[in-house]
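Trainee: Would you mind keeping the following structure in view while I ask a few things?
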Amino acid sequence: MIQGKYYEEFQIGDKFITPGKTITESMITLSLGIGGFIIPFFQDVEYAKKTIFKGIVAPAHLTLLILGGLVEQTGIFHETVVALTDIKGRFTAPVREGDTIKAEVELTAKNDTSSAKIGLVTLNHIVKNQRDEVVAEVLITHLVKRLN
């Protein structure tokens, strides 16, 4: 595994692309059960056909969960992340079974904390599907370890 980046190693403007992951029917079904989602357009095919989505869509929460795993797979936070502290996002297009999503990620801010052991890094995530359509834009701040 790649060693994660420490606070001092992050630079504003750093960019990377996550690997991709294809959304399966079982992922959607599991996320509905785990989250307790009951909205019909997540699980009732006939109902979903009559909505603006014209079919079953994945909950946005599943997109966030997959995004977190994809970022982790890059290794940038391996053994250096302490916590997620803030998340703001918007979902601009539905994610469906068969879609493959990945994220373009850019470091947009670094902030010191009162602790000499940790700092804050903020990353903007542009999540796209296999057609290069933006499905979500998510700004996430993490506490990460310092080198000392």
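The values are calculated or read from the model by the stated rules, or taken from the named source; none is laboratory data. As the structure is a prediction and not an experimental result, all values here were calculated from the model. Every residue, glycine among them, receives a Cβ derived from its backbone with ideal geometry; neighbour counts consider all protein chains shown.
Trainee: With respect to Tyr47, is the statement that it is farther than 17 Å from Leu70 by Cα and touching a strand residue (DSSP E or B) at 6+ places or on another chain (Cβ under 6 Å) true?
Mentor: Judged against the criteria, Tyr47 is not a match.
Trainee: Check His61 against each of (1) over 16 Å from Met27 (Cβ atoms); (2) under 16 Å from the mean Cα position of the chain (by Cα) and name the one condition it does not meet.
Mentor: With (1) over 16 Å from Met27 (Cβ atoms); (2) under 16 Å from the mean Cα position of the chain (by Cα) applied to His61, the lone miss is (1).
Trainee: Among strands (runs of 3 or more DSSP E) lying entirely in segment 1-113, which contain 2 or more residues that are surrounded by 14 or more Cβ atoms within 10 Å (Cβ to Cβ)?
Mentor: 81-91, 100-112
Trainee: Is it true that Leu123 is at pLDDT 95 or above and in a strand (DSSP E or B)?
Mentor: So Leu123 fits the description; yes.
Trainee: Kindly list, by first and then second residue, each pair from a residue in segment 16-36 that is more than 20 Å from Val135 (Cα to Cα) to a residue that is in a helix (DSSP H, G or I) and not polar (S, T, N, Q), limited to pairs with Cβ atoms under 9 Å and residues at least 6 apart or on different chains.
Mentor: Leu30/Leu62; Gly35/His61; Gly35/Leu62
Trainee: What are the residue pairs meeting all of these: first residue in segment 49-63, first residue aromatic (Phe, Trp, Tyr), second residue part of a loop (DSSP other than H, G, I, E, B), Cβ atoms under 8 Å, and 6 or more apart or on different chains?
Mentor: Every condition considered, the pairs that remain are Phe53/Pro94.
Trainee: Then there is this: Answer with yes or no whether Lys88 is charged (D, E, K, R), in contact with a helix residue (DSSP H, G or I) (Cβ under 8 Å, 6 or more places away or on another chain), closer than 30 Å to Thr29 by Cα and at pLDDT 95 or above.
Mentor: So Lys88 fails the test.
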